[in-house]
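Here is the structure we will look at, set down as structure tokens.
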2 protein chains.
Amino acid sequence: MTKSETKKLLLKDVARLAGVSEMTASRALRGTADVSKATRARVEEIARTHGYVPNRIAGSLSSQSVNLVAVVVPSLNSFVFPEVLSGISSVLKETPLKPVVGVSGYELEEEEEVIREMLSWRPSGLIVAGLEHSEATRRMMAQADCPVVEVMDVDGTPVGHCVGISHLQAGRDMAAQILARGYRRIGFIGTKMPQDFRARKRFDGFIEGLSEQGVTLMDREHYAGESSIQTGRQLTAQMLERNPDLDCIYYSSDVMSVGGLMHCLGAGLSVPGDVALAGFNNLQILQGLPLDLATTDACRREIGERAAKIVLQAREAEKPLAPICTRLSPPISLGQSL
Amino acid sequence: MTKSETKKLLLKDVARLAGVSEMTASRALRGTADVSKATRARVEEIARTHGYVPNRIAGSLSSQSVNLVAVVVPSLNSFVFPEVLSGISSVLKETPLKPVVGVSGYELEEEEEVIREMLSWRPSGLIVAGLEHSEATRRMMAQADCPVVEVMDVDGTPVGHCVGISHLQAGRDMAAQILARGYRRIGFIGTKMPQDFRARKRFDGFIEGLSEQGVTLMDREHYAGESSIQTGRQLTAQMLERNPDLDCIYYSSDVMSVGGLMHCLGAGLSVPGDVALAGFNNLQILQGLPLDLATTDACRREIGERAAKIVLQAREAEKPLAPICTRLSPPISLGQSL
DNA sequence: AATGTTAGCGTTACCGCTATCGATATCACA
DNA sequence: TGTGATATCGATAGCGGTAACGCTAACATT
């Protein structure tokens, strides 16, 4: 059945075996019109039994179209982007388009390289997390002849389309909630990755929100590297040791606030009695903990879905689409920790 | 700066602007030999300022080589595969090869479609999780003219190369550890996704390990869908309600055992005093919990690294590489929960 | 009978880039 | 001065498909 010695099987081989021209075989396999049922069946049968895999490189070059959507995210470990992807996939599932993922590692230079690589494949769309890019990246995106959607964030100037939430506002809103509940001795724990722009915006918004009501941060801690429960736990311990009278901590990620909760559990502190906790993202790991932690839902799935729909929409349209910018409102859930 | 009205910039345009032939421009941009320093610099300069992005579709068709490695995993949400990816990326980082990820959703049909799509781009390698595939998938992989590496699992018959651990043995080993510590009233909680073959193998091995010492499972519970802390917590609660005298539970995933721990914390049960817990994978979320949970390290990162190295090795070699099968030994850590 | 219509298929000309081979210029050295 | 070696570059011919258009046979229409 499988002579692996056989030379690579080409469309012309399939065509010859089916006794039709290359063109007819091509049409048959792609399901386009102008092929009789009988011929199509014969070609398909031959292709299947011989294990023909079409060469999409040649096909795409010829047809000048690539059914891929490039998706560039900072990380896949961080719990947050897989859900954006899953939103994208669910929308694309019913179309001929397929997502292709690239990882930029929270570094603009790496991002530039990844996007260049992606665009060199001439995809049907580019979805990229964040609004901050190198100058060269912005140029590439502006010149790309495919729709570009920047996602997650709306605080800035998008090159093309844009779907996200305002992290500045998210920080402000959480500050308002915390203040409304009477907390005044407040700490912040967040990443210091210089390029996690969204975490920084939440921080800035949070500070603004506090200061609007005359409150200043009592303590803050910044960490390098990826967020983890472990890190959240350690930094919470340190901060509470320094400031035993803190009554609330805001974290730049749920993963970190879970760590905070773990510390409190271990140290016998009551939440929110001794200290209130709040995170960000509404990650799935919040479900099933001894206590529901306060958080802001970052609308990750919906962001992915909407971004994919914009790409589809741009594909349908014959004119280049006018820039769309969708700002979602991230709901805060207070849980039992505030 | 950016006339977006400009027609798409082609290599021939760059060449013309630089006053050289297309061929020389091509060589200059790809860094191959036979170009003077001065010429190369000029071409690069022009390409950069004009934002030229090479068309890799045309390039690959012409050179009959694609610098991509296809990686097919069942899921990106499950915490486990991102680390395999990260192992792959770290090895590929220093080479011209780039990983491209496809998601099969724990379904063989979807896997078949994803792999077909991947192979249609004629990648330099294919790394796929698991040994179980549809007949058509096996045929495609066997005929593919690139190295194929099946990863994660070694219990079965690989089509090409193989790197992984024995999940059967991992289950057996954990059974031995549990029995050695005197536990006899044992429960199991695991996925019932019919196609999570590795979870099933661990289960089978576990049962074997118990029965070798005359012990049978006291209770078992299977769930559909992705693993989560929430689910682990609920099922643990149910199981302990049915069998309050259980003294140990083995989970098919760490995420689930964390849920078990959460239940115990909430219900005031001591671990391992009232009930011992053990999971699988050695996920990062185990770090920072109130208690170190027992687990088996699935060697995910190393598996990724080794798979990538095999692809590189096959690329160097001129003969098709003889099948390599690497079986890693997953270390068990007992933590404080056994 | 002449003409139009349509389904089904084939021929031609590329898509944008690179492998290959040959051409030319330059320089070292006998 | 001639000879070859070396460095640098260009013309040609594809890579494996598909868009566009052309052609034919068979049937419908007038």
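Highest mobility in the GNM of chain A, judged by mean-square fluctuation with C-alpha springs under 10 Å and restricted to A:VAL14, A:VAL151, A:VAL311, is found for A:VAL14.
Using θ = phi - 60° in the Karplus curve 6.51 cos²θ - 1.76 cosθ + 1.60, the 3J(HN,Hα) couplings for segment A:192-199 round to 10, 3, x, 10, 7, 4, 5, 4 Hz; x is entered for Gly and Pro.
Within the protein assembly as shown, what percent of beta bridges assigned by DSSP are antiparallel, to the nearest 5? Antiparallel bridges: around 5 percent, rounded to the nearest 5. For chain B, the longest principal axis of the Cα atoms and the long axis of helix B:229-242 meet at an angle of about 20 degrees.
Over 29 Å apart at the Cα level, from the set A:LYS201/A:LYS309; A:LYS192/B:LYS309; A:LYS309/B:LYS309; B:LYS201/B:LYS319, are A:LYS192/B:LYS309; A:LYS309/B:LYS309; B:LYS201/B:LYS319.
Based on DSSP H segments of at least four residues, each scored -39500 (n - 2.57), chain A has a per-residue ellipticity at 222 nm of -13500 deg cm²/dmol. A straight line joining the Cα centroids of segment B:100-147 and segment A:89-165 runs 26 Å.
Accessible-area loss of 10 Å² or more (1.4 Å probe, protein heavy atoms, chain alone versus all protein chains) is found in segment A:214-247 for A:SER228, A:ILE229, A:GLN230, A:ARG233. The overall shape of the protein assembly as shown, judged from the alpha-carbon gyration tensor, is oblate: a/c is not under 1.5, and a/b is no greater than b/c.
Between the alpha-carbon centres of segment A:207-231 and segment A:48-86 there is a gap of 39 Å. Entry comment: accessible area of chain B is 43 Å² per residue, from protein heavy atoms only and a probe of 1.4 Å.
Considering every alpha-carbon pair of chain A, the percent of pairs per 10 Å bin, from zero through the bin containing the longest distance, is 5, 22, 24, 18, 13, 8, 6, 2, 0.
About its Cα centre, how strong a charge dipole does the protein assembly as shown have in debye, to the nearest 20, once Lys and Arg get +1 and Asp and Glu get -1 at the Cβ?
Dipole size: approximately 2220 debye.
For segment B:69-135, carbon and sulfur atoms together expose 49% of the accessible surface, with a 1.4 angstrom probe and every protein chain in place.
Whole-percent P(r), segment A:11-54, all Cα pairs, 10 Å bins from 0: 34, 62, 4. Distances from A:GLU226 to itself in the other copies, using label points 7 Å out along the Cα-Cβ axis, amount to 1.5 nm in increasing order.
Bridging of B:LYS93 to aspartates and glutamates at a Cα separation below 18 Å is possible for A:GLU107, A:GLU109, A:GLU110, A:GLU111, A:GLU112, A:GLU113, A:GLU117, B:GLU83, B:GLU302, B:GLU305, B:GLU316, once same-chain residues fewer than 8 apart are set aside. For the options B:GLU44, B:GLU212, B:GLU110, a Gaussian network treatment of chain B with springs between C-alpha atoms closer than 10 Å singles out B:GLU44 as fluctuating the most. Which of the listed residues, B:MET218, B:GLY190, B:ILE178, is farthest toward the dipole's positive end in segment B:174-228, when Lys, Arg count +1 and Asp, Glu count -1 at the beta-carbon? Going by the Cα projections, it comes out as B:ILE178. Pick from B:ILE46, B:ILE178, B:ILE249: which is most flexible by mean-square fluctuation in a GNM of chain B where alpha carbon atoms under 10 Å apart are linked? Most flexible of the set in this elastic network: B:ILE46. Counting only alpha carbon atoms, the long axis of helix B:300-316 and the longest principal axis of chain B meet at about 30°. Contact residues in segment B:23-59 (at least 40 Å² less accessible area with all protein chains than alone, 1.4 Å probe): B:VAL53, B:ASN55, B:ARG56, B:ILE57.
Relative to the longest principal axis of the Cα atoms of chain A, the long axis of helix A:108-119 makes an angle of roughly 20 degrees.
Converting the Cα gyration tensor eigenvalues of segment A:167-296 into ellipsoid dimensions via √(5λ) gives semi-axes, longest first, of 19, 17, 14 Å. Beta bridges assigned by DSSP with both partners in chain B are antiparallel in approximately 5 percent of cases.
Total Å² of accessible surface buried at the A-B contact, 1.4 Å probe, nearest 100? Between A and B, the summed buried area is about 4900 Å². Comment: the Cα-to-Cβ extended label point of A:LYS37, at 7 Å, lies 7.1 nm from its counterparts in the other copies, nearest first. Rounded to the nearest 20, the size of the Cβ-charge dipole of segment A:140-213 about its Cα centre is 520 debye, with Lys and Arg at +1 and Asp and Glu at -1.
Isolated cysteines of chain B, defined as having no other cysteine beta carbon under 4.7 Å away, are B:CYS146, B:CYS248, B:CYS264, B:CYS299. Ordering A:ALA47, A:GLY59, A:THR296 by the projection of their Cα atoms onto the charge dipole of chain A, which places +1 on the Cβ of Lys and Arg and -1 on the Cβ of Asp and Glu, puts A:ALA47 at the extreme positive end. In segment A:72-90, the residues that give up 20 Å² or more of accessible area when the other protein chains are added, compared with the chain on its own (1.4 Å probe), are A:LEU76, A:ASN77, A:PHE79, A:PRO82.
Between B:ILE88, B:THR24, B:LEU68, the Cα set farthest toward the positive side of the dipole of segment B:1-103 (charges on each charged residue's Cβ, about the Cα centre) is that of B:THR24. Sorted from nearest, the other copies put their B:ASP245 label points 5.5 nm away, the label point being 7 Å from Cα in the direction of Cβ. Which of the aspartates and glutamates could a cross-linker bridge to B:LYS8, judged by Cα under 13 Å and excluding same-chain residues fewer than eight apart? The qualifying aspartates and glutamates are A:ASP145. How many percent of the accessible area of segment B:211-291 is carbon or sulfur, using a 1.4 Å probe? That share works out to 45 percent.
When +1 charges are put on Lys and Arg Cβ atoms and -1 charges on Asp and Glu Cβ atoms, the dipole computed for segment A:167-296 relative to its Cα centre reaches about 180 debye.
The values are calculated or read from the model by the stated rules, or taken from the named source; none is laboratory data. Not measured: the values here are computed from a predicted model. All Cβ positions, glycine included, derive from the backbone under ideal geometry; neighbour counts span all protein chains shown. What goes into the accessible areas is simple: the full protein's heavy atoms, side chains included, and nothing from ligands, DNA or RNA. Shrake-Rupley method; radii C 1.70, N 1.55, O 1.52, S 1.80 Å.
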